[in-house]
């Protein structure tokens, strides 16, 4: 039986942490589907406006050698996504582990026979840290323009 894994993420400002997640996920399954979260879902559930448009994020992720298929996640409900994809393993960041939502996710998927595997975040980088750095650079540039004029 083929083991299908599902690794959801925004994959915005693609960085080494994303690559590490996909590499690790692929080591645990025969076929890896990367779920690229739609812009509307990111804005609704995380309050984040992606820097890279969905079509470009999808193309980037689709071309990572560890990924067998890329899927546009138009909902934040992982069980609804499972109904379409029928994966055997869900990969999540360890920020969910031990939380109420993580426990609920584990229970929902245990009932479906799906394992949840957590991976640690790459401590050196994150999309949030990159966004913060970009805002700082933009702020500095804006100040320079204002002071020059």
So which residues in region 105-123 are surrounded by 13 or more Cβ atoms within 10 Å (Cβ to Cβ) and assigned to a loop (DSSP other than H, G, I, E, B), if there are any at all? 112, 114, 120, 121, 122
Could you check region 25-59 and list, in sequence order, the residues that are in a helix (DSSP H, G or I) and surrounded by 16 or more Cβ atoms within 10 Å (Cβ to Cβ)? 25, 26, 39, 41, 42, 54, 57, 58
Within region 1-24, track down each residue that is surrounded by fewer than 19 Cβ atoms within 10 Å (Cβ to Cβ), in contact with a strand residue (DSSP E or B) (Cβ under 9 Å, 6 or more places away or on another chain) and assigned to a loop (DSSP other than H, G, I, E, B). 2, 3
Any chance you could count how many residues in region 24-38 are free of Cβ contacts under 8 Å to residues at least 60 places away in the same chain and under 13 Å from the mean Cα position of the chain (by Cα)? 6
Hey, residue 97 hits all of (1) touching a strand residue (DSSP E or B) at 6+ places or on another chain (Cβ under 7 Å); (2) assigned to a loop (DSSP other than H, G, I, E, B); (3) free of Cβ contacts under 8 Å to residues at least 24 places away in the same chain; (4) within 15 Å of residue 7 (Cβ to Cβ) but one; which does it fall short on? (4)
Check whether at least one residue in region 96-104 is loosely packed, with under 14 Cβ neighbours inside 10 Å, under 25 Å from residue 19 (Cβ atoms) and at pLDDT below 90, and report yes or no. no
Restrict the check to region 69-85 and report whether at least one residue is in contact with a strand residue (DSSP E or B) (Cβ under 6 Å, 6 or more places away or on another chain) and in a loop (DSSP other than H, G, I, E, B). no
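Would you say residue 64 is surrounded by fewer than 20 Cβ atoms within 10 Å (Cβ to Cβ), touching a helix residue (DSSP H, G or I) at 6+ places or on another chain (Cβ under 7 Å) and outside any loop (DSSP other than H, G, I, E, B)?
In short, no.
The values are calculated or read from the model by the stated rules, or taken from the named source; none is laboratory data. Given the structure is predicted, the values throughout are model-derived calculations rather than measurements. Positions of Cβ are backbone-derived with ideal geometry, glycine not excepted, and every protein chain shown enters the neighbour counts.
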